[in-house]
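Let me begin by presenting the structure, written as structure tokens, before commenting on it.
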Amino acid sequence: MAYEWDFAIVLENLPVLLRGLGVMLQLWLSALAFGLAAGFVIALGRMAAAAPLRLLARCYVELFRNTPALIQLIWFYYAFPIVIGVQLTPFAAAVIGLSLNTSAYAAEIFRGGMQAVPRGQWEGASALGMTHAAVLRRVVLPQVLRLMLPAFTNRAIELAKTTSLASVLAVQELMYQGRLLSATYYRPMEILTTVALIYFMVIWPGSLLSAWLERRLARHG
Amino acid sequence: MADIVLETRGLCKRFGPIEVLRGIDLQVRAGERIAIIGGSGSGKSTLLRCLNFMETPSEGEVLLDGVPIGAPRRHRDGRVTTAYSPAALCRVRQRVGMVFQQFNLFPHMTVIENVMEGLRTVKRLPRAEARGKALAQLHRVGLAEKLDAYPARLSGGQQQRVAIARALAMEPEVMLFDEPTSSLDPELVGEVLRSIRTLAEDGTTMLLVTHELGFAFHVATRVIFLADGVFHETGTPDAVLRHPQRERTRAFLASHAEFTF
Ligand SMILES: Nc1ncnc2c1ncn2[C@@H]1O[C@H](COP(=O)(O)OP(=O)(O)O)[C@@H](O)[C@H]1O
Ligand SMILES: [Mg+2]
């Protein structure tokens with residue numbers, strides 16, 4: 001039996017899907033930005049002189065890396081509001097969940113990178129009277145950001161895919177719109193295939209970029 | 001006599017159970033050049049590193065221009081220790097420069113950028129002024145033609161001279177040299193020692209850990225033989241290196257048989 005494709009439905013609803021894509025991009029970029037920033041702070045915590053701080057940062061990282069992202073998102077939507085006494089919008093809960101999840105991974109990338117800088121660099125810089133922050137900004141990070149770039153692009157790609165989980169919180173992103181449309185029109189084949197293609201077209205360039213960065217680094221060291 | 005620039009009182013340093021420095025009393029006067037000699041692992045580096053707080057002293061005081069560094073903190077059990085704030089240590093390190101055995105240049109910066117870095121980031125000088133000062137110091141160590149090279153392109157001797165210029169650019173009151181020629185190929189040692197000698201002739205106050213006993217003899221105003229975490233013997237270069245009074249010092253000098261004046 002031949003399946004009769006009907007892409008007219010898809011074309012008709014393309015604006016809806018594109019709106020979903022817009023929301024997906026917002027989720028992605030905000031979670032990436034917050035996640036990287038928070039990850040940097042947590043990495044500093046992981047390397048802090050104070051042992052309690054190190055332990056706290058470590059627990060945070062392990063917690064987020066060893067539980068499913070899905071439960072994290074759902075937790076921030078249904079459980080977290082009970083803790084803080086304020087109901088979050090689905091979008092806000094999704095951004096928080098995805099950001100924190102990303103920050104745990106980003107923290108490990110930052111930490112690995114910064115620890116790869118020889119101790120002599122820290123000493124050479126602090127012997128000039130540079131503050132801890134100045135050593136990081138002027139000496140340590142410039143030497144390792146380049147090395148960390150492929151790991152960060154990989155993380156960004158993972159995050160792009162993970163944003164689809166936000167559909168379970170009814171965030172009206174691409175996956176959510178796709179599921180809604182296919183349930184409405186009973187055309188999951190056309191609609192979900194299109195959704196997958198849209199994800200692919202957004203994420204694939206990122207993968208190419210990441211692979212290119214890795215090759216370049218391998219060549220230039 | 002010139003004023004005391006840098007001083008330690010009862011300086012002790014422990015690493016866990018190992019007592020590396022056991023009550024060091026040192027007075028460094030302006031213009032003095034002190035060579036610190038001693039066996040490997042005797043605590044020479046640790047002593048220098050306590051003076052600019054690359055290591056935190058376990059006990060005792062370090063004074064700069066007569067002012068104790070850090071704030072005393074009285075514990076409930078009556079013990080008094082010293083607390084060092086990061087800001088205070090940054091200020092000390094601007095006044096006490098250090099040159100390391102391994103140079104520790106910043107590989108992502110050119111020669112001139114390396115030397116300007118402290119002036120820009122720490123002293124916050126305008127670019128032109130920082131560049132001027134950096135150039136002057138690079139001239140002093142004979143590297144004015146390598147400004148835009150990256151450290152990886154330089155020989156070890158050149159790298160170490162850049163490191164010296166970088167420390168000098170901060171115009172410290174005291175310079176610490178921790179075996180500045182020990183990681184160099186023999187043929188590159190001379191150029192670095194010549195740079196240090198130039199500073200000596202300019203009256204720079206310095207402490208120098210070295211195995212180049214001949215250099216110490218000619219350049220130092222005082223020699224300290226460090227053993228067992230204390231000053232085992234100190235005196236003029238002639239007294240310590242030529243007429244050592246203690247057996248331990250003689251044995252150490254004998255093991256440096258290649259040393260000639
Ligand atoms: N960070 C450290 N942790 C533990 N032990 C150290 C540390 N630094 C130095 N030591 C120990 O202190 C002693 C003196 O070291 P050091 O000052 O480097 O000697 P030197 O410079 O005279 O060769 C050595 O036994 C060394 O192993
Ligand atoms: Mg040493």
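Data overview
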{"item": "Search result, residues across segment B:174-210 that are within 27 Å of B:ARG22 (Cα to Cα), among the hydroxyl-bearing types (Ser, Thr, Tyr) and away from ligand 1 (no atom under 15 Å from the Cβ)", "result": "B:THR205"}
{"item": "Test for A:ARG46: is it open to solvent by 40 Å² or more (accessible area, probe 1.4 Å), under 21 Å from A:GLY112 (Cβ atoms), out of contact with any Phe, Trp or Tyr (no Cβ under 8 Å at 6 or more places or on another chain) and of a type in the set (Lys, Arg)", "result": "no"}
{"item": "Sole residue being out of contact with any Phe, Trp or Tyr (no Cβ under 7 Å at 6 or more places or on another chain), more than 16 Å from ligand 1 (Cβ to nearest atom) and not in a loop (DSSP other than H, G, I, E, B), chosen from B:LEU11, B:LEU47, B:LEU6", "result": "B:LEU6"}
{"item": "Flag if B:MET116 is at the interface with another protein chain (Cβ under 9 Å from one of its Cβ atoms) and hydrophobic (A, V, I, L, M, F, W, C)", "result": "no"}
{"item": "Selection status of B:LEU213, over 14 Å from the mean Cα position of the chain (by Cα), under 30 Å from B:GLU19 (Cβ atoms) and open to solvent by less than 40 Å² (accessible area, probe 1.4 Å)", "result": "yes"}
{"item": "Positions within segment B:17-40 being more than 12 Å from ligand 1 (Cβ to nearest atom) and assigned to a loop (DSSP other than H, G, I, E, B), in sequence order", "result": "B:ALA30, B:GLY31, B:GLU32"}
{"item": "Scope segment B:5-23; condition of a type in the set (A, V, I, L, M) and within 16 Å of ligand 2 (Cβ to nearest atom); matching residues", "result": "B:ILE18, B:VAL20, B:LEU21"}
{"item": "Residues of segment B:81-106 that turn out to be part of a loop (DSSP other than H, G, I, E, B), touching a residue at least 24 places away in the same chain (Cβ under 8 Å), open to solvent by 50 Å² or more (accessible area, probe 1.4 Å) and more than 7 Å from chain A (Cβ to nearest Cβ), as a count", "result": "1"}
{"item": "Only listed residue being of a type outside the set (Val, Ile, Thr), away from ligand 2 (no atom under 16 Å from the Cβ) and either modelled with pLDDT of 95 or more or within 14 Å of the chain's Cα centre (by Cα) (or both), chosen from B:ALA30, B:ALA35, B:ALA2", "result": "B:ALA30"}
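The values are calculated or read from the model by the stated rules, or taken from the named source; none is laboratory data. Small disclaimer: the values here were computed from a predicted structure and weren't measured. Here Cβ is always computed from backbone atoms with ideal geometry, including for glycine, and neighbour counts include all displayed protein chains. For accessibility, only protein heavy atoms count, side chains too; no ligands or nucleic acids. Shrake-Rupley method; radii C 1.70, N 1.55, O 1.52, S 1.80 Å.
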